[in-house]
C-alpha cells in the first residue's frame, strides 16, 4: 500500500495496530523506550513514542514510560541527553527542550484519558522540569539550548528547540491550571519566549551557522503555535518547494536528497495547524510506503540513491505516525493538541512581568 487518505472519524485501527505493537515490543521492562532494540534512548523521543502508546490505547505501557522518566529525573528536575539500558550516557550536557517535553506528554495523556489522578501524580515532575528549563531563559527571551554537567548554560539558542519548549510551556500551564495551581510565572515566560521567537531572530544561532537549511526551523514555529493564521500559510508557501519532494515526503535539510518520516509527520501536523488540510492529507498518504511488515516505519529514505537510510525503524517515528493519524482523523481527545494554541498569547511581555519571572525563579 503506497497511499492512504485519512479523513475525520476513520482512524485506521487495523493498519496502525502493528505500529503501536512495535513500540510496545521495543519498550524495556523498566519502561524506557529506546530508539530501537538495543539502541539508545533520549527523553524527547521517549516521550514521542509514549504519546503513540497513549493514542493506541496502551495506557499501562504509557504510564510505565512516564514512571521511568520520574525515576530517572535528577534532583534539579533535568535528565541527561541519552540513556542506554539502565544507564545514563553522554553526561556532558542536558538539552532544555528534551527536559521540557514531559509537560507535553503528560498533558497529552490527560487529554486522551481524562485521568486526573495521573495528572496530579506526574505534575511534580513536570513542575521540576519546567522550573529547571526556565532558569536558562535569557533576559532577551530565548532559552539556551543546553546545560553543561556543572549547570552552566551553553549560551546560544535554536529556533526549533525553543519552539518545542514554547509548546511544552503551554502544556505545563494547562496542567497547572487544570489542577488549580497558579501558573502566572510560567505564562510570563511563555509570552516572552513567543515574542522573541516571532520578532527577534537575532537571538538565535549567534555562535554557529543559521539552521535555515533544516526543515524543522521552517515548520516548527507553526507546529508549536508560535506562528498562526495567515502568517503560517505564508510561511508554508515560502519554502514548500524547497523542503517537500512530491510523493515522497519532507526533506530533513534542503541540500540533501533525504526525507524523514517523522519530520513528514510533524509537517503534516503543522499543515493542519496552518489550515492546509488538503496538503496535510496528501503528504501523510505518501508515508505508508515506508512501513515495514512488523509495523515499524523506516526513519528515512534517500530518493536519489533509492535506498532506505539509515536501516533503522525508530520508535519515535512510529509515535509521530500515530500523532499525525490521530490529528487527521480526530480519533482521541488529544487530536487538536498540535493544531491550535489553547492559550491567549501576547506578542510582547511587559518589563514588569519579565522582572517578576526572574524574581520567582
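Just so it is clear, none of the values below were taken in a lab; they were calculated from the coordinates. Quantities reported herein were computed from a predicted structural model and do not represent experimental measurements. Cβ coordinates were reconstructed from backbone atoms using ideal geometry, including for glycine residues, and neighbour counts include every protein chain displayed.
Where the centre of each part is set by its Cα atoms, how far does the range 165-214 sit from the range 98-142, in angstrom? Each part's Cα centre sits 13 Å from the other's. Remark: 316, 218 ranked as 218, 316, counting other beta-carbon atoms within 10 Å and listing the fewest first.
As a footprinting exposure proxy, order 223, 111 by other Cβ within 10 Å, with the fewest listed first.
Sorted ascending by nearby Cβ count, the order is 111, 223.
Restricting the calculation to Cα atoms, the range 248-331 yields a radius of gyration followed by a Dmax of 12.3, 37 Å. The three principal axes of the C-alpha atoms in the range 84-215 carry coordinate ranges of 45, 39, 29 Å, sorted with the longest axis first. For the range 13-360, relative contact order (Cα pairs under 8 Å, six or more residues apart, normalised by length) works out to 19 percent. Per-residue ellipticity at 222 nm, computed for the chain from helices alone with -39500 (n - 2.57) per DSSP H run of at least four residues, works out to -16000 deg cm²/dmol.
By the count of neighbouring beta-carbon atoms within 10 Å, fewest first, 173, 248, 143 end up ordered 248, 173, 143. The Cα-based radius of gyration and maximum Cα-Cα distance (Dmax) for the range 13-360 are 18.8, 57 Å. The range 62-83 and the range 219-250 have Cα centres spaced 32 Å apart. Prolate is the label for the range 1-117, because a/c, from the alpha-carbon gyration tensor with a ≥ b ≥ c as root eigenvalues, is 1.5 or above and a/b exceeds b/c. From the square roots a ≥ b ≥ c of the eigenvalues of the alpha-carbon gyration tensor of the range 255-294, which class results: rounded (a/c under 1.5), prolate (a/b over b/c), or oblate? In terms of gyration-tensor shape, oblate.
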